[in-house]
Amino acid sequence: MSELERWMSARGHRCEAAISRWLPPQQQFPESLHRAMHYAALNGGKHFRPLLVYACGEALDIPEERLDGLAAALDMLHAYSLVHDDLPAMDDDDLRRGKPSCHKAFGEATAILAGDALQALAFKVLASDPALDASPAARIRIIELIAEAIGSRGMAGGQAVDLESEGRRLDPAELEAMHIHKTGALIRASVMAAAHCSPPLPETQRQQLDHYAKCVGLAFQIHDDVLDEIGDAHKLGKASGADRARAKNTYPALFGLRESQQMAHDLIAEACTSLERLEQNTDRLKALASFVIERQA
């Protein structure tokens with residue numbers, strides 16, 4: 001196991017422990033809903049958004065204990081989005097990370113409510129976590145950033161375009177906008193929310209971090225598109241080729257596999273170049289950027 005893999009594993013476990021502290025006990029009324037929330041939020045995964053939080057914190061000398069609540073909230077929001085994405089009315093996936101999707105394990109109604117409850121709990125954490133130790137203005141800005149990232153101008157909006165455009169070819173600008181919103185917005189917010197936990201950064205440094213996060217977010221979704229074409233279903237934890245079967249708009253469908261891979265590599269190079277202008281030690285952020293296009297799932 002590489003040093004990066006050890007670091008990622010340790011922070012993933014740290015995030016899961018934080019989520020466990022905030023989730024209601026499974027035995028507490030209503031039990032079925034709480035079991036579904038645990039099932040969805042503690043179902044493994046890369047914890048990539050929390051990893052970005054911790055890596056940004058490392059660069060800005062923010063103690064990890066101050067970031068645990070933020071990391072947990074972002075992972076709960078990501079889990080909520082996956083629960084809803086898997087529903088028959090959305091992407092209609094029966095598997096998630098090699099296990100039955102939440103709606104397959106608990107039924108559609110409970111899965112919908114579990115996603116709703118995880119979203120609500122995430123904002124409770126952001127609003128009330130005492131360890132976050134941000135000024136009132138910074139806490140409000142963090143909540144505002146994340147709320148916009150998952151709403152109609154972010155993740156939900158991108159998903160809406162994805163669903164509406166099935167069977168209709170998007171042009172390159174439309175495809176990029178969809179990906180930036182559907183996947184990139186929450187990744188971008190993860191970095192910038194962590195940055196708001198430090199004393200205010202100079203505007204140029206804030207813009208450089210933001211550009212890094214924008215490039216990483218788009219590259220992440222492009223690589224997901226590539227993995228859907230050539231990835232190992234066992235490693236992916238779900239069937240491959242689903243995007244092609246549903247005539248979804250993807251980078252390989254529009255540009256071809258090789259060009260899509262090159263685009264993702266170019267975006268990661270651009271992200272790392274953006275970090276070169278920062279005074280802080282950004283090695284961990286650069287390593288996570290490279291991981292985006294090296295991962296197999």
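The values are calculated or read from the model by the stated rules, or taken from the named source; none is laboratory data. This one's a predicted model, so the numbers in the text were calculated from it and none came from an experiment. Methodologically, a virtual Cβ is constructed for each residue, glycine included, from the backbone with ideal geometry; neighbour enumeration extends over all protein chains shown. These area figures cover heavy atoms from the full protein model, side chains too; ligands, DNA and RNA do not enter into them. Shrake-Rupley method; radii C 1.70, N 1.55, O 1.52, S 1.80 Å.
Overview of results
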item: Whole-number percent relative contact order across the range 29-91, with pairs defined as alpha carbons under 8 Å at least 6 apart; result: 35 percent
item: Modelled FRET efficiency - R0 30 Å, residue 9 with residue 95, Cβ distances, 0.05 increments; result: 0.85
item: Packing-based order for 285-295, 126-136, using average beta carbon neighbours within 10 Å, highest first; result: 285-295, 126-136
item: Within the accessible area of the range 164-288 (1.4 Å probe), percent carbon and sulfur; result: 49 percent
item: Gain upon complete extension [residue 290, residue 174; 0.36 nm per residue less C-alpha separation]; result: 39.2 nm
item: Kirkwood Rh (inverse of mean 1/r, distinct Cα pairs), the range 45-153, angstrom; result: 14.9 Å
item: The range 145-297, accessible area per residue, ligands and nucleic acids excluded (1.4 Å, Å²); result: 45 Å²
item: Sequence-separation-based contact order of the chain, relative, with Cα cut under 8 Å and 6+ spacing, percent; result: 18 percent
item: Gain on full stretching of the segment that runs from residue 230 to residue 273 - 0.36 nm per residue minus C-alpha separation; result: 12.6 nm
item: Mean-position separation - Cα centroids, the range 240-297 and the range 88-122, in angstrom; result: 27 Å
item: Cα-based shape type of the chain, given that a ≥ b ≥ c are square roots of the gyration tensor eigenvalues and the cut on a/c is 1.5; result: oblate
item: Mean Cβ count within 10 Å, highest first, over the residues of peptides 101-112, 28-39; result: 101-112, 28-39
item: Largest-first principal axis extents, alpha carbons of the range 105-239, Å; result: 46, 40, 29
item: Relative contact order %, the range 45-163, counting alpha carbon pairs below 8 Å whose residues are six or more apart; result: 24 percent
item: Carbon and sulfur %, accessible surface of the range 59-136 computed with the full protein complex present, 1.4 Å; result: 54 percent
item: Placed amide H near residue 92: partners under 5 Å, 5+ positions off or other chain; result: 87
item: Accessible area (Å², per residue) of the range 1-131, counting only protein heavy atoms and a probe of 1.4 Å; result: 42 Å²
